[in-house]
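Bear in mind that the values in this text are calculations on the coordinates, not laboratory data. This one's a predicted model, so the numbers in the text were calculated from it and none came from an experiment. No Cβ is skipped: glycine too gets one built from the backbone with ideal geometry, and neighbour counts run over all protein chains shown.
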Amino acid sequence: MKLGKKVSDLRTQYAKGSLSENEVSGNPIHQFNQWFEQAVSAEVVEPNAMSLATVRDGRPSLRIVLLKGYDEQGLVWFTNYDSKKGQELAQNPFAAITFFWPELERQVRIEGAVEKISAADSDEYYQSRDKGSRIGAWASPQSSVLSDRSALDARINQYLAQYGEAEHIPRPPHWGGYRLRPDLVEFWQGRPSRLHDRIQYSREGGLWKVVRLAP
Ligand SMILES: Cc1cc2nc3c(=O)[nH]c(=O)nc-3n(C[C@H](O)[C@H](O)[C@H](O)COP(=O)(O)O)c2cc1C
């Protein structure tokens with residue numbers, strides 16, 4: 001492999017913070033909440049953008065989605081249940097999530113089982129979206145091949161004709177939320193000389209075990 005010198009020269013010394021097993025919360029969701037709020041305060045670009053990995057037949061696939069809520073139960077995002085990720089989750093209901101907040105030199109990794117959220121909760125969020133997004137959820141057969149852009153435009157026009165003037169647009173049955181219930185969570189804080197801090201929580205017997213991992 002020809003290594004581009006310019007690429008291999010790109011490196012950052014991380015020195016913005018540190019993280020200790022003695023200072024973190026005993027609960028990873030509380031710790032996540034603290035870091036998420038700090039990411040918002042630091043004006044991280046799209047702090048709720050997260051990489052979401054799913055696996056089918058041992059082959060991983062990865063894409064960005066937006067976190068739309070989190071609490072003690074887990075992390076929630078919305079998508080098309082028939083999409084590639086939806087099909088993968090139907091076959092293997094486990095996923096991994098990564099947040100990267102470069103402005104804070106932080107990464108958070110979360111793994112766990114995934115379930116669909118309730119229809120009522122999906123309805124509530126769907127109805128909060130602007131009309132274009134609600135129509136789009138009907139019109140886009142996410143992850144399917146389109147002959148060209150006009151094929152999508154035609155579908156949008158079809159659903160605009162159906163729902164454009166409607167008071168209430170029903171949620172498409174193929175669109176809704178997923179929740180990942182964390183059982184492994186890692187907080188990574190960049191440190192100088194690649195000697196980063198890594199604090200990992202694992203769920204064992206209903207309790208969270210906290211350990212430090214080597215960088
Ligand atoms: C910043 C950003 C945010 C995104 N948010 C979502 C989202 O919340 N839900 C979603 O289905 N796709 C979202 N996407 C698009 C996905 O990355 C992806 O293209 C789409 O979900 C299809 O993925 P799949 O074919 O693996 O199912 C987002 C993309 C970017 C770059």
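Please report, in debye to the nearest 20, how large the charge dipole of the chain is about its Cα centre when each Lys and Arg carries +1 at its beta carbon and each Asp and Glu carries -1 there. The calculation lands at about 960 debye.
Under the criterion of Cα pairs below 8 Å and six or more residues apart, the relative contact order for segment 1-81 equals 16 percent. Considering only alpha-carbon pairs that sit under 8 angstrom and 6 or more positions apart, the relative contact order computed for the chain is 26 percent.
With viscosity set to 1.002 mPa s and temperature to 20 °C, compute the Stokes-Einstein D of segment 16-135, Rh being the Kirkwood radius across alpha carbon pairs; µm²/s, no decimals. Value of D from the Cα-based Kirkwood radius: 134 µm²/s.
Gaussian network model of the chain, Cα springs within a sub-10 Å range: biggest mean-square fluctuation belongs to which of E105, E88, E23? Result for the chain, Cα springs under 10 Å: E23 fluctuates most. Only Lys, Arg, Asp and Glu carry charge here, each on its Cβ (+1 for the first two, -1 for the last two); on that basis segment 29-126 has a dipole of about 480 debye about its Cα centre.
With all pairs of separate Cα atoms included, the chain yields a Kirkwood hydrodynamic radius of 19.6 Å. Listed by number, the DSSP H helices of the chain that run 15 Å or longer by alpha-carbon position along their axis and have mean Kyte hydropathy of at least -1.0 are 28-41, 149-163. Placing a label point 7 Å from the Cα of L66 along the Cα-to-Cβ line, the residues of segment 107-125 whose backbone N sits under 19 Å from it are 117, 121-125. Rounded to the nearest Å, what's the spacing between the alpha carbon centres of segment 132-193 and segment 1-59? Just the number, please. Distance between centres, Cα-based: 25 Å. How would segment 1-59 be classified by its alpha-carbon gyration tensor: rounded, prolate or oblate, with rounded meaning a/c under 1.5 and the a/b versus b/c comparison settling the rest? Note, shape of segment 1-59 comes out oblate. Once every DSSP H run of n ≥ 4 in the chain is given -39500 (n - 2.57) and the sum is divided by its residues, what mean residue ellipticity at 222 nm do you get, rounded to the nearest 500 deg cm²/dmol? Calculated at 222 nm, the ellipticity per residue is -8000 deg cm²/dmol.
The overall shape of segment 168-215 is oblate: from the C-alpha gyration tensor, with semi-axes ordered a ≥ b ≥ c, the ratio a/c is 1.5 or greater and a/b is no larger than b/c.
The relative contact order of segment 107-215 comes to 34 percent, based on Cα pairs under 8 Å that sit 6 or more residues apart. Between L160, L52, L67, the residue with the greatest mean-square fluctuation in the GNM of the chain (Cα pairs under 10 Å linked by springs) is L160. Residues considered: T54, T12, T98. Largest GNM mean-square fluctuation over the chain, using C-alpha springs under 10 Å, is found at T12.
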